[in-house]
Amino acid sequence: MATAQTGRTGTRLNMSRRSTLNFHLYTSPWVIGFLVFTLGPMVYSLYLSFTDAKMGSGGNFVGFKNYAAMFTNDDLFFKSLGNTAVYAVVSIALGLLFSFLLACLLNCRLKGVGIFRTLYYIPSVISGVSTILLWGWIFNPSYGLLNYSLSLMGIEGPGWLSDPHWAMSAVIFMSFWSIGGNIVIFLAGLQDIPQELYECAALDGAGIVARTVRITVPMISPVLLFNLIMGIIGGLQVFNQPYILTQGGPNHATYTYVMHLFANAFQYFKVGYGTSLAWILFLITLLLSMIVIRTSNYWVFYSGGDD
């Protein structure tokens, strides 16, 4: 009897060890890849941020000199940070609003609505560079499609990419081209809302605005939280659009933070200073994301929770 129980116990131990071994075996490629290609470079870049390293050389340890130089000896640091803040705030706010409204329209049960869903999503998966070049042609002041359309209404269009007052607006406007991803995510959240809630609200006399404010927005608030955080991360890292369209001009009107980072690290070869800029961006992104997550308790509703 004791021998049989000992055998069963040994079998269970062997199965547990085998499961543990399989777990470590199957997860090891990801763990190794994370350590080698993510965590390792991050730790090394943190070290470089405290050095005066140039491209191809290790450099000398300078402490917080790079970080101090940002605030005391780099006028473009504040300029690029301000431009990035303007882009992020406006593009995120309007992008969330437009994608939500379009998702509500695409959530209607109409014949052929699937075609429109596809058409709105396709631009978000088209190659970024080709899309930017297309918008460069649209914004061209001489023969661009936008100014031509305005001329048909008797309006003289501005130099969208050559006027400091309009350049950032043009870059922000172009960002709405890729809101298809947000639309799909909002659409998934809308389709998960029980229709009984709308029916009960309609019986109580609630109009479409009241149903949207009282039911739709609270029920998709987790989706809104996700899109907001992803928007913050993407908005603070904007680079391709202004770099290809304007190279940061005119007069640094579209010169973003990542462009400043890129210029210092890969054009001026100041790798130490460039990595310190990267870590400041990381801290800003982390801080804003944490603020949004911590404050989400006051405006995000989880249907399966206790609140």
Any idea how many residues of region 101-153 are under 20 Å from residue 243 (Cβ atoms) and hydrophobic (A, V, I, L, M, F, W, C)? 9
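For region 90-97, check the following and say yes or no: at least one residue is part of a helix (DSSP H, G or I), surrounded by 15 or more Cβ atoms within 10 Å (Cβ to Cβ) and not aliphatic (A, V, I, L, M). Steps first, answer last, please.
Applying the first criterion (part of a helix (DSSP H, G or I)) to region 90-97 yields 90-97.
Checking which are surrounded by 15 or more Cβ atoms within 10 Å (Cβ to Cβ) leaves us with 90-92, 94-96.
Imposing the further condition that a residue be not aliphatic (A, V, I, L, M) reduces the set to 91, 95.
Taking every residue of region 90-97 in turn, at least one turns out to be part of a helix (DSSP H, G or I), surrounded by 15 or more Cβ atoms within 10 Å (Cβ to Cβ) and not aliphatic (A, V, I, L, M).
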List every residue pair whose Cβ atoms sit under 9 Å apart, with the two residues 6 or more apart in sequence or on different chains, where the first one lies in region 67-92 and is within 14 Å of residue 280 (Cβ to Cβ) and the second, anywhere, is acidic (Asp, Glu) and surrounded by 17 or more Cβ atoms within 10 Å (Cβ to Cβ). none
Restricting to region 215-254, count the residues that are in a loop (DSSP other than H, G, I, E, B) and closer than 21 Å to residue 288 by Cβ. 3
Taking the conditions exactly as written (assigned by TED's automatic domain parsing to the domain that holds residue 262, touching a residue at least 60 places away in the same chain (Cβ under 8 Å), of a type in the set (Gly, Ala, Ser) and crowded, with 18+ Cβ neighbours inside 10 Å), does residue 235 satisfy them or not? yes
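The values are calculated or read from the model by the stated rules, or taken from the named source; none is laboratory data. Note that this is a predicted model, so its numbers are computed, not measured. Every residue, glycine as well, gets a Cβ built from its backbone with ideal geometry; the counts of neighbours run over all protein chains shown.
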